[in-house]
Amino acid sequence: MNDRRSFLKKSAGLAAVATGMATILPAHANTLSSTKWDEEVDLLIIGSGFTGQSVAVNANRAGIKVTVLEKMQVIGGNSAINGGWFAVPRNPIQLAQGITDDSPAELVKDQMIAARGMGNEAMLTRIAEKALPAYNMCIEAGVKFKKDFNIQVGGHNKARAIRLEAGTGGGITTKLYEAGVREGVDYRLQHKVEDFIMDGDEILGVVVRKGYRFPNEDTGHLVRIRARKGVVLASGGFARNMKLRFIVDPSLDPTLDCTNQLGATGEATLTAMNHGALPVHMNMIQTGHWGSPDEGGFGWSNALLSIGWHKGIAVNPTTGKRIMDERADRLTCSAAIMACRHKDGSPAYPLVFFNKNDHLGDDRVTRAVRDEMAWEMESLEQLADKFNVPLKQLRSTVEEWNQYVINQKDPDFNRKMDSAVKLEGPFVVSRVWPKVHYCMGGLKTDLDGRVINSSTLAPMKKLYAAGEVTGGVHGHARLSSCACLEGLAMGFIIPNTIKADA
Amino acid sequence: MKKIIFIISVVFIMVGYANAGDLVDIKNGIKGRVNHEALYESGCNGCHVGSAREYVDDSACKDCHGSINDIEIDVSQLKMSSANPHESVHYNQGASCIACHAEHQTKKPVCSECHRTWFEEM
């Protein structure tokens, strides 16, 4: 409703000119009363991932009637396809493992280090303190986690990450959805929010494209839904919005694919900004250097490369030479990988390969080969032929490498050699190219989840946001297993805020 | 609706040249599934309510076929047993029929966005 906004401004301006400021309010009220609603609901939640599901179930249990709008043809957003890691300090498996010195504060300490001075400690603390209730909600909904499994993942100082049995966040979103349906939450697929209807900085309702068929923008038809108790933005990140991500971070060139579901395009974020919401940290976008161009989504590549970075080498197919310290950090590796280009600037996907016979029967390898994102190659000749690598140089690269392994020294990139092995065929080969993964930036909220107004820096009325759509929580880097935690935890906070605001 | 299924089955057996679910010309350039031919007898309103351009929700499918977990599929055709799209670990009951199926054109199932080698366009 940009029209409505500009109309309000115009009518206010005209009224002010004619009879002074006192007439603005009546003019305002008149236009609002003329808004025709197709439907009225209480609480409207936009998005059906971890955040949307948890807010829906918990608000509904708190006696608030809930309607969830999902623009795609499936429930769950990106959470449904995520890796299924969930950080829970003091979870029962952790305690059974004898780890008794963990706490929400310990988790926040790790997150604040990763945030590099840009995180929100108070917010992270509120979230971490809801980890156990969120875990219990999952268990009660029938969610299955891997038995006796609780490990330490990147950036955490303790083993506190549990994982879904199914290996994906869908293990949670499917069960919360089924619980929500049983308990009376109203879910609607193919409902895309096109605009907000505002009264000043209070949200009254939304304009929705009902019957939307992603990504076709002229499908469905527009309806106006009044949301009496407010609107919760749980619409996720914008990693799939090529134009927006390139504007905020020009290093994310169009050759970079994305781990996210196709609908992670962030238009609800932009609509909120258009109506005065304050965005922060929009350029802080997490990229994984472990992506593969030969599969969609997050895929198998990261797990496969957990072998490759240690037991193999990464080679530029145009030169046949190694490109980096394969064990270096994400930024270093991303830069080295993305520098591999053909003459026309198109990606020359680097090849990572290791010895096939050292990893026979390893699921990380067998599923990758089965799904044709990795290949078994008998020899360097076969490898060079398939990927068009100069064979002579490839041979000398491998010979040199094998000498480095014997010497335990990598004079080219100074890689730590303790896990390196000599390379001899047959090999397992895959191609790598970074993928955009997670948006740390988004809408600024207060600690209770109210969206902040960019003009007053005070909370907007009845407009709430949580999860990846928000920004400023994780600072420079969100740690693994913490997106699931954040979304589920905020479901315990937002309903209280809505009740307090009523 | 059960009666319609019976009629469709009989028609299908009699025609015998196409597999259930095959996309065929129905009329006026509109394509449809061969096992739905009887539904087209009454125009578009067998599935669409009001205008054919309007939103069709899953009830148009579920009234005859049942809900996703109850619809049996030929599991021998699956890449592996865990790749059953009617019992998906990602979506399960949260998947709309039209996330994978289309009536008037072929469609790639939503799963194939990531699992590129598991499913064929239907």
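The values are calculated or read from the model by the stated rules, or taken from the named source; none is laboratory data. Keep in mind the model is a prediction, meaning the values are calculated, not measured. Neighbour counts are summed over all protein chains in view; Cβ atoms, including those assigned to glycine, are modelled from backbone coordinates with ideal geometry. In case anyone asks, the SASA skips ligands and DNA or RNA and just uses the protein heavy atoms, side chains included. Shrake-Rupley method; radii C 1.70, N 1.55, O 1.52, S 1.80 Å.
Please find, among A:Gly119, A:Gly154, A:Gly142, the residue that is part of a loop (DSSP other than H, G, I, E, B) and within 14 Å of another protein chain (Cβ to nearest Cβ). Testing whether each residue is part of a loop (DSSP other than H, G, I, E, B) and within 14 Å of another protein chain (Cβ to nearest Cβ) leaves just A:Gly142. Within segment B:25-51, the set of residues being more than 21 Å from B:Thr106 (Cβ to Cβ) and within 14 Å of chain A (Cβ to nearest Cβ) comprises B:Val49, B:Gly50, B:Ser51. Out of A:Gly98, A:Gly117, A:Gly169, A:Gly142, I need the residue that is under 19 Å from the mean Cα position of the chain (by Cα) and of a type in the set (Gly, Ala, Ser). Which one? Matching residue, one of A:Gly98, A:Gly117, A:Gly169, A:Gly142: A:Gly169. Once segment A:378-406 is narrowed to residues that are open to solvent by less than 50 Å² (accessible area, probe 1.4 Å) and in contact with a Pro (Cβ under 8 Å, 6 or more places away or on another chain), the residue that is farthest from the other protein chains (Cβ to nearest Cβ) is A:Tyr404. Restricting A:Tyr177, A:Tyr187 to residues that are of a type in the set (Ser, Thr, Tyr) and in a strand (DSSP E or B) narrows the list to A:Tyr187. Evaluating A:Asn58 against the criteria (1) touching a helix residue (DSSP H, G or I) at 6+ places or on another chain (Cβ under 6 Å); (2) within 14 Å of another protein chain (Cβ to nearest Cβ); (3) open to solvent by 10 Å² or more (accessible area, probe 1.4 Å) leaves one unmet condition, (2).
Only a single criterion out of (1) open to solvent by less than 20 Å² (accessible area, probe 1.4 Å); (2) assigned to a strand (DSSP E or B) is not satisfied by A:Trp375, namely (1).
Residue-wise test of (1) assigned by TED's automatic domain parsing to the domain that holds A:Met123; (2) part of a loop (DSSP other than H, G, I, E, B); (3) among the small types (Gly, Ala, Ser).
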site: A:Lys462; (1), (2), (3): yes, no, no
site: A:His474; (1), (2), (3): yes, yes, no
site: A:Leu479; (1), (2), (3): yes, yes, no
site: A:Gly487; (1), (2), (3): yes, no, yes
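What residue, among those in segment B:101-122 that are away from every other protein chain (no Cβ under 11 Å) and open to solvent by less than 50 Å² (accessible area, probe 1.4 Å), is farthest from B:Gly21 (Cα to Cα)? For segment B:101-122, the residue satisfying everything is B:Phe119. Among the residues here, A:Thr35 does not qualify as modelled with pLDDT under 65 and more than 30 Å from B:Ser112 (Cα to Cα).
Within segment A:69-112, the residues that satisfy the criterion of being of a type in the set (Gly, Ala, Ser) and either under 21 Å from B:Cys114 (Cβ atoms) or open to solvent by 30 Å² or more (accessible area, probe 1.4 Å) (or both) are A:Gly76, A:Gly77, A:Ser79, A:Ala80, A:Gly83, A:Gly84, A:Ala96, A:Gly98, A:Ser103, A:Ala105. Just one of the numbered conditions (1) surrounded by fewer than 17 Cβ atoms within 10 Å (Cβ to Cβ); (2) within 12 Å of another protein chain (Cβ to nearest Cβ); (3) part of a loop (DSSP other than H, G, I, E, B) is not true of B:Gln93: (3). Would you call A:Lys130 open to solvent by 10 Å² or more (accessible area, probe 1.4 Å) and within 14 Å of another protein chain (Cβ to nearest Cβ)? When the stated conditions are applied, A:Lys130 does not pass them.
If the condition is being open to solvent by 50 Å² or more (accessible area, probe 1.4 Å), at the interface with chain B (Cβ under 9 Å from one of its Cβ atoms) and touching a residue at least 12 places away in the same chain (Cβ under 8 Å), then segment A:174-198 contributes only A:Lys175.
Being among the acidic types (Asp, Glu) and assigned to a helix (DSSP H, G or I) is a property that holds for A:Asp385. Before we move on, is A:Ile162 away from chain B (no Cβ under 14 Å), within 22 Å of the chain's Cα centre (by Cα) and among the hydrophobic types (A, V, I, L, M, F, W, C)? When the stated conditions are applied, A:Ile162 passes them.
Here's the yes/no breakdown for (1) free of Cβ contacts under 8 Å to residues at least 60 places away in the same chain; (2) under 23 Å from A:Asn302 (Cβ atoms):
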residue: A:Thr100; (1), (2): yes, no
residue: A:Leu132; (1), (2): yes, no
residue: A:Met137; (1), (2): no, no
residue: A:Glu165; (1), (2): yes, yes
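In segment A:453-491, the qualifying residues are those that are open to solvent by 20 Å² or more (accessible area, probe 1.4 Å) and of a type in the set (A, V, I, L, M, F, W, C), and the one that is nearest to the chain's Cα centre (by Cα) is A:Ala483. Residues of segment A:399-421 that are more than 34 Å from the chain's Cα centre (by Cα) and in contact (Cβ under 8 Å) with a residue 60 or more places away in the chain: A:Trp401, A:Asp410, A:Asp412, A:Val421.
With respect to (1) out of contact with any Lys or Arg (no Cβ under 8 Å at 6 or more places or on another chain); (2) farther than 23 Å from B:Arg116 by Cα; (3) surrounded by 12 or more Cβ atoms within 10 Å (Cβ to Cβ); (4) more than 9 Å from chain A (Cβ to nearest Cβ), the lone exception for B:Asp70 is condition (3). When segment A:62-101 is examined, which residues are found to be within 11 Å of chain B (Cβ to nearest Cβ) and either assigned to a loop (DSSP other than H, G, I, E, B) or small (Gly, Ala, Ser) (or both)? Within segment A:62-101, A:Glu70, A:Met72, A:Gln73, A:Ile75, A:Gly76, A:Gly77, A:Ser79, A:Ala80, A:Asn82, A:Gly84 meet the criteria.
Helices (runs of 4 or more DSSP H) fully within segment A:201-312 that include at least 3 residues being modelled with pLDDT of 95 or more, of a type outside the set (Gly, Ala, Ser) and open to solvent by less than 10 Å² (accessible area, probe 1.4 Å): A:301-311.
Being more than 7 Å from chain A (Cβ to nearest Cβ), in contact (Cβ under 8 Å) with a residue 12 or more places away in the chain and of a type in the set (Val, Ile, Thr) is a property that B:Ile98 lacks. A single entry from A:Ile113, A:Ile93 fulfils the requirement of being of a type in the set (Val, Ile, Thr), touching a strand residue (DSSP E or B) at 6+ places or on another chain (Cβ under 9 Å) and either in the same structural domain as A:Phe492 (by TED's automatic domain parsing) or farther than 25 Å from A:Ala268 by Cα (or both): A:Ile93.
Only a single item in (1) out of contact with any Ser or Thr (no Cβ under 9 Å at 6 or more places or on another chain); (2) assigned to a helix (DSSP H, G or I); (3) within 9 Å of chain A (Cβ to nearest Cβ) is not met by B:Glu54, and it is number (2).
Taking segment A:347-374, which residues are more than 13 Å from every other protein chain (Cβ to nearest Cβ) and touching a strand residue (DSSP E or B) at 6+ places or on another chain (Cβ under 9 Å)? Hits for segment A:347-374 are A:Pro347, A:Ala348, A:Tyr349, A:Pro350, A:Leu351, A:Val352, A:Phe353, A:Phe354, A:Asn355, A:Lys356, A:His359, A:Val365.
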